[in-house]
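The values are calculated or read from the model by the stated rules, or taken from the named source; none is laboratory data. Only a predicted model underlies this, so the values are computations on that prediction, with no experimental measurement involved. Cβ placement follows ideal geometry from the backbone for every residue including glycine, while neighbour counts extend to all protein chains displayed. The accessibility values were calculated without ligands, DNA or RNA, using every heavy atom of the protein model including side chains. Shrake-Rupley method; radii C 1.70, N 1.55, O 1.52, S 1.80 Å.
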Amino acid sequence: MGEATQIGCACGQTHLEVEGRPIASVECCCNSCREAAGRMQGLESAPRTLTDHGTTHFIMYRKDRVRFLAGAANLAGFRLSPEAPSTRVIATCCNTPVYLEFKGGHWLSLYSGLWPSSGTMPEPTMRTMASDLPEGATLPDDIPNAKKQSLGFFAKLFGAWVAMGFRNPKTPNTGEINV
């Protein structure tokens with residue numbers, strides 16, 4: 001499977017371990033990710049979540065390759081609306097965004113701020129949902145800037161699910177937070 005990397009929240013109370021290579025490392029430009037990032041950044045002492053060009057950087061891992069080592073009791077989730085299909089989870093000890101989970105998804109989109117600054121964080125290889133950016137917004141051309149999620153993006157997710165035997169492991173129970 002590969003080597004394990006320990007990651008965690010800004011204050012160090014919540015620790016995770018990810019094993020092997022991620023499914024993908026992406027920057028999302030969608031309206032909901034940008035709105036959620038803005039809300040989370042507004043929490044007391046919260047670290048920055050949006051990049052300089054208004055995207056949210058995620059490193060996507062299979063759920064069976066993410067282990068919560070300490071601080072799971074600090075996790076609290078919120079949805080942008082009651083009918084939203086995704087939950088964003090933060091570590092309430094320091095308001096660090098931890099992950100985004102899609103309802104029924106077999107992966108977790110881990111926020112890049114969990115990685116130490118020592119260069120272990122996988123660099124993004126693509127941006128998705130660039131069509132959601134406000135008119136006049138520009139992105140650098142250092143990686144592909146897809147208007148929507150590409151077929152290759154979905155193929156990676158499907159390939160990971162096949163490799164998992166079509167399982168969908170559970171994540172820790174979290175509290176709720178109003179963001």
Original post:
So, of the residues in region 6-20 that are in contact (Cβ under 8 Å) with a residue 60 or more places away in the chain and either surrounded by 17 or more Cβ atoms within 10 Å (Cβ to Cβ) or not polar (S, T, N, Q) (or both), which turns out to be nearest to LEU151 (Cα to Cα)?
Top reply: VAL18
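Take ASP132 and tell me if it is over 26 Å from ALA4 (Cβ atoms) and open to solvent by 50 Å² or more (accessible area, probe 1.4 Å). So that I can check it myself, show each step before the final result.
Details: over 26 Å from ALA4 (Cβ atoms): yes; open to solvent by 50 Å² or more (accessible area, probe 1.4 Å): no.
Criteria not met by ASP132.
For the structure I just gave you, tell me whether LYS156 is in a loop (DSSP other than H, G, I, E, B) and among the basic types (Lys, Arg). I'd like the intermediate steps shown before the answer.
Details: in a loop (DSSP other than H, G, I, E, B): no; among the basic types (Lys, Arg): yes.
The answer is no for LYS156.
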Original post:
When region 21-38 is examined, which residues are found to be part of a helix (DSSP H, G or I) and buried (at least 16 other Cβ atoms within 10 Å of the Cβ)?
Top reply: SER32, CYS33, ARG34, ALA36, ALA37
Subject >> Residue within region 60-72 that is under 15 Å from ARG34 (Cα atoms) and out of contact with any helix residue (DSSP H, G or I) (no Cβ under 7 Å at 6 or more places or on another chain) present >> reply: no
Original post:
Only one residue in GLU44, GLU83, GLU123, GLU135 is under 27 Å from LYS170 (Cβ atoms), of a type in the set (Asp, Glu), part of a loop (DSSP other than H, G, I, E, B) and out of contact with any Asp or Glu (no Cβ under 6 Å at 6 or more places or on another chain). Which one?
Top reply: GLU83
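Quick one: in region 144-167, of everything that is in contact with a helix residue (DSSP H, G or I) (Cβ under 8 Å, 6 or more places away or on another chain) and closer than 14 Å to ARG62 by Cα, which residue is most open to solvent (accessible area, probe 1.4 Å)? Outline the logic, then answer.
As a first pass, look at region 144-167 and keep what is in contact with a helix residue (DSSP H, G or I) (Cβ under 8 Å, 6 or more places away or on another chain): 145-148, 164, 167.
So of that shortlist, the ones also closer than 14 Å to ARG62 by Cα come out as 164, 167.
Numbers: MET164: 4, ARG167: 119 Å².
Taking the candidates together, the pick is ARG167.
Taking region 97-120, which residues are of a type in the set (Gly, Ala, Ser) and assigned to a strand (DSSP E or B)? Break it down stepwise before answering.
Residues of region 97-120 that are of a type in the set (Gly, Ala, Ser), as a first pass: 104-105, 109, 112-113, 117-119.
SER109 - this is the single residue of region 97-120 that is of a type in the set (Gly, Ala, Ser) and assigned to a strand (DSSP E or B).
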